[in-house]
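Have a look at the structure below before the remarks.
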Amino acid sequence: MPQYFRDSPESLVPDALAGFAAAHADLVAYHPDHGYFRTRHCAPTRRVGLVSGGGSGHEPLHSGFLGTGMLDASCPGRIFASPHNRQIFEASRAVARPEGVLHIVKNYTGDRINFSIAAERLAHEGIRCARVLIDDDIASDSDDIAVGRRGTGTTLIIEKILGAAADEGRGLEDLVALGTDVTRRARSLAVASAAHNTPASGAPAFALPDNVLEFGVGIHGERAEGTIPHAPLGKLVETMTDQLLAALPDTAGTRVLALVNGLGSITSLELYGIRHAVAKALDDRGVGLDRSLTGTFVSALDMRGFSLTLFATDAEALRLWDAPARTPAWPL
């Protein structure tokens, strides 16, 4: 059974947070008493602070995207667990601007509850707060899932585009409208050949037979509705691409941004091969690839798999995507 490099299961997250803060001390400030990070550099033109957060184990999301052109503050929870509303409240209060703060929230029950409580507390202090809810995972688009589609890879796209828009001085309502529209035009799907291993025991979260893929796995190890045979990469990517394109709104057009995202233990060699297969699949279907990003951005501990996100672009979104950003993990 694989074991994590840590002193104890309990020390893994706090040691990592302290190490991240020290490694990027020129870019981020850590407030351990209140459990949040904030950027040391932000555009003076911002009228709204941007705050996001979620469970640890998804690195570099969210704290890796703190900085100019992206987030003002991030709130890391325990492994795969929502941050506490106190963390979110303190972070939001610290980075609120004249028009308040915008919460960027992945669609999970714990996140929704804790961000909502924090928003209520902010309202009591007279701080305006709004939310963009990300629900892009088509594998969880089912009436059987009460909370609805999960939030996954589109979170990074939202943080980048809204960060650039916030730097231009846009107001709270404008940012909410923009974020809601981006979420509407993006969908994600993930596949894995092996589950992540739990930090406490090193045991896999679930077992898969040889040559079988979990098709539609969640970033916390949520099981898919079913499995599929381990097909050649080109066929697998074609299937994923077809499902994602079918899930985009009818008005989406024929040009996209693609995010090829590693879930933890997949190699760069494989990710670039996937990127190549995605470009071919899109071209074969007459869909233009305006931009792409390849790497590990929204991980699931050491899960062996990848996710694919397609976002239907327009000129405005591309302009904001191309705007400069300086954070610990933004690659451009």
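Observations
- First in segment 98-115 and farther than 16 Å from residue 135 by Cβ, second anywhere and assigned to a strand (DSSP E or B) and open to solvent by 10 Å² or more (accessible area, probe 1.4 Å), Cβ under 9 Å, 6 or more apart: 100/129; 100/130; 101/129; 101/130; 102/129; 102/130; 102/131
- Test result for residue 121, assigned by the TED database to the domain that holds residue 43, among the basic types (Lys, Arg), outside any strand (DSSP E or B) and in contact (Cβ under 8 Å) with a residue 24 or more places away in the chain: yes
- Considering 74, 52, the condition of being more than 22 Å from residue 10 (Cβ to Cβ) and buried (at least 23 other Cβ atoms within 10 Å of the Cβ) is satisfied by 52 alone.
- In the condition set (1) in the same structural domain as residue 304 (by the TED database); (2) within 28 Å of residue 238 (Cβ to Cβ); (3) open to solvent by 40 Å² or more (accessible area, probe 1.4 Å), residue 149 is compliant with all but (1).
- Single unsatisfied condition, residue 42 versus (1) in contact with a Lys or Arg (Cβ under 7 Å, 6 or more places away or on another chain); (2) open to solvent by 20 Å² or more (accessible area, probe 1.4 Å): (1)
- At least 3 residues being touching an Asp or Glu at 6+ places or on another chain (Cβ under 7 Å) is the threshold, and among the strands (runs of 3 or more DSSP E) wholly inside segment 1-78 those reaching it are 36-39, 49-56.
- Checked against (1) open to solvent by less than 30 Å² (accessible area, probe 1.4 Å); (2) farther than 26 Å from residue 170 by Cβ; (3) over 12 Å from the mean Cα position of the chain (by Cα), residue 137 passes all but condition (3).
- Strands (runs of 3 or more DSSP E) fully within segment 244-332 that include at least 3 residues being open to solvent by less than 40 Å² (accessible area, probe 1.4 Å) and of a type outside the set (A, V, I, L, M, F, W, C): 288-295, 304-312.
The values are calculated or read from the model by the stated rules, or taken from the named source; none is laboratory data. All figures in this text were calculated on a predicted structure; none of them were measured in a lab. Glycine also receives a Cβ, built like all others from the backbone with ideal geometry; neighbour counts cover every protein chain displayed. Protein only, heavy atoms only, side chains kept; ligands, DNA and RNA dropped before computing areas. Shrake-Rupley method; radii C 1.70, N 1.55, O 1.52, S 1.80 Å.
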